[in-house]
1. Using a 7 Å offset from the Cα along the Cα-to-Cβ direction at both A:A86 and A:L171, what is the distance between the two label points in nm, to one decimal?
2. What does the helix-only formula give at 222 nm for chain B: each DSSP H stretch with n ≥ 4 adding -39500 (n - 2.57), the total divided by the residues, and the result rounded to the nearest 500 deg cm²/dmol?
3. Using Cα pairs under 8 angstrom and six or more residues apart, how large is the relative contact order of segment B:180-422, in percent?
4. Quantify how strongly other chains surround peptide A:375-388 by giving the mean number of their Cβ atoms within 10 Å of each of its Cβ atoms.
5. Let me know the shape class of chain A, please: from the alpha-carbon gyration tensor, a ≥ b ≥ c as square roots of the eigenvalues, rounded when a/c is under 1.5, otherwise prolate if a/b is greater than b/c, or oblate.
6. Per residue of segment B:210-225, what does 6.51 cos²θ - 1.76 cosθ + 1.60 with θ = phi - 60° give for ³J(HN,Hα)? Whole Hz please, x for Gly and Pro, Karplus curve as stated.
7. Residues in segment B:99-137 near a label at B:M69, defined as backbone nitrogen under 18 Å from the 7 Å Cα→Cβ point?
8. In Å², what does the accessible area per residue of chain B work out to with a 1.4 Å probe?
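The values are calculated or read from the model by the stated rules, or taken from the named source; none is laboratory data. Please read all numbers here as calculations on a predicted model, not as lab measurements. Glycine gets a Cβ as well: all are built from the backbone with ideal geometry, and neighbour counts include every protein chain shown. We work out accessible area using only protein heavy atoms, side chains counted, and drop any ligands, DNA or RNA first. Shrake-Rupley method; radii C 1.70, N 1.55, O 1.52, S 1.80 Å.
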Amino acid sequence: MSRFGNIFYLCLLFGALWGAIWTILVTLLALFISGELFQPQVTAGALAGLIAAGLLTFFPPEKRTLGMRVLAGFVFVIVLTVASGATPMGLAPSVYSFGQLVFLVLLAWIMSQSIHLTALRFGPTRERRYNVEVICLRFIKGFGLVAFTIAVALPFFVMVMMSLKNQQLLLSNPLDFSLNFAQGAEALFRSYIELFTQYHFGSYLMNSPLVSVITVLITLFFAVPGAYAVARLKFPGQHFLSRSILLIYMVPMIVLVIPLYAIFSQLGMRNTLWGLMLVYPATTIPVALYMLQGYFRGIPAELEEAGLMDGLSRLNVIRKITLPLALPALASVALYVFMIAWNEFLFAFMFLDNVNLYTLSRGIAELNSSEVPRQHLMAGAVIATVPVLALFLWFERFLVAGLTAGSVKG
Amino acid sequence: MTTEPIPPKGLGPLAKRETRFAYALLLPTFLIVLSVVLFPLFANVWISFKPVTLGDLRAPSILVNERLMGDLAAVGDEADIRYRIRNSSRQSDITDVFMTDTLPATLDVLTFDDRCTIDDSAIACDLGDYEAGKREEIIVRVAATQAFVDAPINVKDTESAFDFLPENILLNDDFTLENFRKVFNASDFWPVLWASLYYTIAVTVGALVMGLFAAQLMNMTFKGRSFLRGLYLSPYVAPVIAVALAWVLLLDPGPGGTLNALLIQLGVIDGPISFLGQRAVDINILGMTLEFPVALTVVIVFEIWRYFPLAMLFILARMQSVSTDIYEAAEIDGATPLQQFRFISLPQLMGIMAVLFLLRFIWTFNKFDDIFLLTGGAAGTRTLTVNVYEQAFAVSNLGAGAAVAVVVFLILLFFSVIFFKFSPEDDA
């Protein structure tokens, strides 16, 4: 077998691709953080990546020591600098010079790490299809991770950063996300403070949790007995019910909004939080019932039968045996319903006219006008996002287990 | 002498009790779903056949203007108390109008309308029905007494009270097919329907493919995996209005739009693109000019971004329940990673992917807020659901909006039937 084969050429290709990708990303990161108009040197980055990859994967895997990897990173930066005419990030080294150095070191480290991990345990030899696929998949997965992370995080990053800037700075250089900490916390968080003092966000921040928590309580109060009945009791129509529950959840909100608007207007319930607290549970009960019945089915019936034998009534069996066992499912359903109610926009937007009754979603819709500066809009978005996201991440495991329990089987 | 045992017929007493108990447990759910989902569904169909506009929802009422015509300065002076009464609405009738008022006790009542009765100083008039826009005057002739001259009272000090039955615009027997005629004759009905279907299919397939890819990534073990999983779920968890408006600012074509500035800085484009405001751009491929829908594509990308996490979650859960033995066996047989994916993972995931496809298809078709917040239905992104809002609340024609909603519902019903036909039996 020859010393060099397809793996080596693939490594060169992936080295060049990584070089281009990371040069763009790190340069843009430097641009965002510093506000200096850096320009990614894509071609030079690709060339540097190719040469660094060639250098590192020229050796068999056991010889790629830490020293070798550092050397490869160093070579990458040298080639990048030379090939780009001494402007590795598109601006003269004198601009933001210490920062440039830090970002170049970061770039070198990421590059050597990327090449090393892509070529891990493979020498520069000719290999079978299996290993060719492994190395290609490594690159694709690595690229996928980077792409997904940036695509998901970018809007949130922009949301947070814009809320901390002011309109003039945003308009003059929209790519400058550097934060001026010297101005003090009060100036930095000015748009948040103004939202609470001038835009009633304090009361929105009371209304949203109120509506959401009441919705959760009503939903559970209705859905738990219903789910138990569908899952455990035998009665005519049981099969039909367990299948038609989800059908209710497929009824579009937009079809309900016109009749509910008309009826609630005439009953005087439209511009009230009670109206929302009636509509939200009605839309969440079917899905809560569906999730819960899936979980109740998973609890061994023998446990409940033992309780019945010992003389507990059905209601007591539910209270003392089933519910404690179903606690994780209850938590996940509660969280999911809370999320739906907190994020709900359509009915809050259509029903509420009174500023004192606004939920966060409705309040942000009010900020979406040309008279309100953008940083206020984004600060409002952050205020609405942080509680629900924090709650969700905190209980993520619960939620994932509960969400998927009802539907994923065998 | 043994008789063949006969199975009991019908439900036994225990089973009957269980049935009753089950119905009792389901009753609250049934009631709320009936009143807030099923009844409105029916009401929507009802409204779609009625000529109702947004303004009609304000119930008509009786307006009155009470005035003293004349001078009551000396004893024996005569004057008219005039009530000008009208129906506030020009469209709907009011029935059983009944007026009551208190006249100053110190005035002598001389003559009054024959529909009224006077008891001491209280006047009560049974005015009958007021058709739309009707106005009339009720006149009571009075004379001043010494007590009145000594202590004059303004007749307006006592408000006249009305009792009446306004016609309910939603309940009258006025029906029309005009709403549906309007919906189907509108020049944009078919484009809107096509945009809805194109959008729904593209989003559903896109979110599934992206979810499958992300699930593959999350199925690897590496440091920081649970952090990344949380991050990837956040587009789905965050409030739609927050992320939609963040995208709007991100894609802004004016000064301050991040993505346009970024693309210009990278040299990809020369001038800003109005991502959410441009209907289509012509692309030349091999001499053929293709029309590429810009705004619709951006809306689809947003929707995929927002809903791939859900697909990821379900696919990942299914992947992690597949036993590793199969993969080990395949490994020994020399199957490459792609072959393992193609011949082991994919067939195992087909079930959940099919269910996800059908569910997501329906939910995406239902979606309103996302497009409404991103473009408001402009630039070729108007789907049927946005059209419902547009007709009912922007054009203020509730009936026409309800008619579009009926069309939406019928299409969904069709999809749901398909869903039920093909959904795997998993309620064993």
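1. With each label placed 7 Å out from Cα toward Cβ, I get 4.0 nm.
2. -15500 deg cm²/dmol
3. It comes to 28 percent, rounded to a whole number.
4. The per-residue average across the peptide is 3.
5. oblate
6. Rounded to whole hertz, the list is 5, x, 5, 4, 5, 5, 4, 5, 6, 7, 7, 9, 7, 5, x, 5.
7. Zone members listed by number: B:109-116, B:135-137.
8. Here the residues of chain B average 50 Å² of exposed surface.
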